[in-house]
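J.: Before I ask anything, let me first share the structure, which is written out below as structure tokens.
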Amino acid sequence: MSTPVSLSACQPDPIDDSVGYLLARARTMLSRAVDEALRPLDITHAQGSVFLLLSFGKCHTAAELARDLFIDSAAMKRTLDKLASKGYLQRVADPKDKRLLRLELTAAGLALAQQLPPIYNAVLEVGFTGFSAEETGFLKCLLRKLLANRSLLEARNINCQGN
């Protein structure tokens, strides 16, 4: 005689069906893999993100980095201080507004930044094993759509800046 299968065994746990939980787990999984891959360079995933955003010219100030990476300004300051102490970046007064400090990668910082894309790509290649190009493209489209809602969350006084 066979044992009946309960309906709950066929349905995922509510937590495993949560988009927020799945996004958080996927981000943590990839972040930890990148941390491990960056260990020989003596930097973390968070620091690597700073290198990439500065080297691609997406961000130029600590405030822009904090906003883009969704972290608080104190954590960003600590990250930047550590990278500056290693000789990877410098703070330079903005020629148009001396009160504003722009961030610039040093020669050593630029050299390190050039090593990062292949490392990140290798991790993502493994993480996205089994995904078709179409699935990856669709996921990127959905994630961009989600990120576009940031202003809606901020309008409802939901803090998206990490501050």
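The values are calculated or read from the model by the stated rules, or taken from the named source; none is laboratory data. For clarity, every value in this text was computed on a predicted model and none was experimentally measured. Cβ: placed from backbone, ideal geometry, glycine included. Neighbour counts: every protein chain shown. Calculation scope for accessible area: heavy atoms of the full protein, side chains included, ligands and nucleic acids excluded. Shrake-Rupley method; radii C 1.70, N 1.55, O 1.52, S 1.80 Å.
J.: Within the stretch 125-134, can you find the residues that are among the hydrophobic types (A, V, I, L, M, F, W, C) and open to solvent by 70 Å² or more (accessible area, probe 1.4 Å)? So that I can check it myself, show each step before the final result.
T.: Of all residues in the stretch 125-134, those among the hydrophobic types (A, V, I, L, M, F, W, C) come to 126, 128, 131, 133.
If the condition is that a residue be among the hydrophobic types (A, V, I, L, M, F, W, C) and open to solvent by 70 Å² or more (accessible area, probe 1.4 Å), then V126, F131, A133 are the ones that fit.
J.: Now for a separate question. Residue by residue through the stretch 33-80, note down the ones that are in a loop (DSSP other than H, G, I, E, B) and open to solvent by 20 Å² or more (accessible area, probe 1.4 Å).
T.: Residues of the stretch 33-80 that are in a loop (DSSP other than H, G, I, E, B), as a first pass: 42-44, 56-61, 70-72.
Passing the criteria: D42, T44, F56, G57, K58, H60, F70, I71, D72.
J.: Continuing with this model, one more query. Is it fair to say C59 is modelled with pLDDT of 95 or more and at negative phi?
T.: Numbers: modelled with pLDDT of 95 or more: yes; at negative phi: yes.
Yes, satisfied.
J.: Looking at the stretch 85-103, can you tell me whether even one residue there is assigned to a helix (DSSP H, G or I) and open to solvent by 50 Å² or more (accessible area, probe 1.4 Å)?
T.: For the stretch 85-103, residues assigned to a helix (DSSP H, G or I) and open to solvent by 50 Å² or more (accessible area, probe 1.4 Å): present.
J.: Which of the residues spanning the stretch 113-141 are part of a helix (DSSP H, G or I) and more than 27 Å from S55 (Cβ to Cβ)?
T.: E134, E135, F138 - these are the residues of the stretch 113-141 that are part of a helix (DSSP H, G or I) and more than 27 Å from S55 (Cβ to Cβ).
J.: Of the residues G109, G162, which is in contact with a Ser or Thr (Cβ under 9 Å, 6 or more places away or on another chain) and either of a type in the set (D, E, K, R) or at pLDDT 95 or above (or both)? Explain how you work it out, then say what you get.
T.: Working: G162 fails: either of a type in the set (D, E, K, R) or at pLDDT 95 or above (or both).
Answer to the check: G109.
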